[in-house]
1. Can you return the lysines within cross-link range of LYS86? Criterion is Cα-Cα under 28 Å, with same-chain partners fewer than 8 residues away left out.
2. Under 17 Å from a point placed 7 Å out from the Cα of GLU89 along the Cα-to-Cβ direction: which residues of the stretch 112-126 have their backbone N that close?
3. At a Förster distance of 25 Å, what's the computed FRET efficiency of ASP115 paired with SER139, Cβ-Cβ distance as r, to 0.05?
4. Using Cβ counts within 10 Å as a stand-in for footprinting exposure, how do PHE79, PHE136, PHE39 rank, fewest first?
5. On a straight-distance basis, which lysines could pair with LYS64 in a cross-link, Cα separation under 19 angstrom, same-chain partners fewer than 8 positions away excluded?
6. Using label points projected 7 Å from each Cα along Cα→Cβ, tell me how many nm separate ALA47 and ASN122, to one decimal.
7. Rounded to the nearest whole Å³, what is the per residue volume of the convex hull around the Cα atoms of the stretch 61-118?
Amino acid sequence: MKQGLLIAFAFLFAAISHAQTTTNTIAAQSDTIKIEAKFPGGAGGWASYLQHNLRAEVGAENLKVKRHKTVRQTVVVSFLVNKEGKISEVTVENPNEVHPALAAEAMRVIKKGPDWLPATINGKPVIYRQKQQISFVVSAE
């Protein structure tokens, strides 16, 4: 049986994510302008980066597919983008729901990526927690 592989990327730039500082809580005000952290080049740049750097064969090697079926596992990765755009504290939020090799691959590709554009509140950079979903989809042909 021959297997085909499709990697789907769910780009959820995060209603769940939030800007934060390490010592302050910033009160929400109607005149507060919040801008989320983002990958250079936006969603298109992020998709291109993942397509060129994510090892799709990890899904094919670790997800078992029966004839005429499709298997999907989505890794939810959380990480901090600091005031300079550096990535840290990369963690998998759903480790019990995904194969460990898929979790490791998702973390690897995020850790090795370029700096992000930092989040800002009223024009000042802030530390930002980002959540990203990366789905591995394997179909039997």
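What follows is calculated from the coordinates using simple rules that are stated; it is not laboratory data. The structure presented is a predicted model; accordingly, all values stated were derived computationally and were not measured. Here the Cβ is made from the backbone with ideal geometry for all residues, glycine too, and neighbour counts use every protein chain on show.
1. LYS34, LYS38, LYS111, LYS112, LYS124, LYS131
2. Once the point is set 7 Å along Cα→Cβ of GLU89, 116, 118-121, 125-126 turn out to lie under 17 Å by backbone N, inside the stretch 112-126.
3. Once the sixth-power term is evaluated, E becomes 0.10.
4. Least to most surrounded, the residues fall as PHE79, PHE39, PHE136.
5. LYS2
6. Distance between label points: 3.7 nm.
7. 89
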